[in-house]
Amino acid sequence: MHLIGLSLLLQIACAVHCVRNHRNGAWLMVILFFSVLGCAAYAWFEILPAYMGRREVRAVKAAASRKLDPERDIRRAREALEVADTAANRTNLGDALADAGQWDEAAIHYTQALAKSAGDRASKVKLARAELESGDPAGARALLEGLAPSGSPSENDRTALLLARCLDDLGDTDAALALYRDVGERMAGAEAQCRHAALLIRLGRRHEALPLLEETERRAKRLDRFERGRDAEMYDWAARTLAEIRSA
């Protein structure tokens with residue numbers, strides 16, 4: 001009986017904290033139906049981060065929040081747009097849609113945002129990314145090739161990687177390979193190496209892909225669990241492909 005009473009008090013305390021601090025209402029269902037486990041999850045994701053500034057906690061909390069309410073950011077961006085149809089609000093909605101993988105609609109809002117203002121370089125890059133992801137590499141290529149260079153070398157490299165992807169999708173393999181090779185020598189992470197290796201493999205040049213995948217393996221080992229987790233699918237593909245090539 002004492003345990004039941006303590007469990008009930010814990011649920012009440014968590015529920016009150018949730019309501020008073022305007023947390024996601026879905027937590028109330030978790031607290032109610034999962035009792036102590038639900039309270040423990042709520043404490044980990046909603047209470048502890050207030051006292052812990054660790055990046056890992058913030059990352060896990062953000063991921064859990066997206067799972068509990070995946071449309072939250074989109075909904076808020078739509079509400080802001082209904083209040084004021086500005087270029088900034090259009091861009092914010094495009095960003096929320098892009099984060100959710102809804103690239104077709106994101107491209108529409110980025111285009112409308114650019115129509116409302118001159119648009120800076122970053123906004124045009126966002127539109128190009130949305131066009132590429134939604135199946136229009138030719139449109140994305142035209143937009144990227146019309147951009148003036150940025151004052152930031154890292155931004156220029158990210159743009160070049162996006163352009164390489166456009167060329168890859170359009171079948172301009174020589175130009176894509178050259179860009180992947182150039183960008184991969186400077187950019188952090190291993191996206192350029194993985195895309196370069198994937199293109200070489202599609203062209204039947206597996207032996208040339210081997211050193212790129214080995215470099216990806218070395219870079220992955222230097223990352224912590226959360227950094228590697230952001231691109232887990234890419235690193236898993238690289239590890240599997242490297243093992244296949246080595247065993248062939």
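Readers should treat all values here as calculations from the given coordinates under stated rules, not as data from a laboratory. Nothing here was measured: the structure is a model prediction, and the numbers come from that model. Quick reminder, even Gly has a Cβ in these numbers, built from the backbone with ideal geometry, and neighbours come from all protein chains shown.
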Placing one equal point scatterer on each C-alpha of the chain and summing with Debye, one gets log10 I(q)/I(0) at q = 0.11, 0.13 Å⁻¹ equal to -0.79, -0.99
Which three lengths, in whole Å and largest first, does segment 70-148 cover when its Cα atoms are put on their principal axes?
34, 26, 14
Square roots of five times the C-alpha gyration tensor eigenvalues of segment 184-247, ordered largest first and given in whole Å, equal 19, 12, 10
Cβ under 13 Å from residue 167's Cβ, residue 167 left aside: what net charge do those residues give with Lys, Arg +1 and Asp, Glu -1?
-2
In segment 174-228, the trypsin sites (Lys or Arg not before Pro) that sit in a DSSP loop and have at most 14 other Cβ atoms within 10 Å of their own Cβ are 186, 205
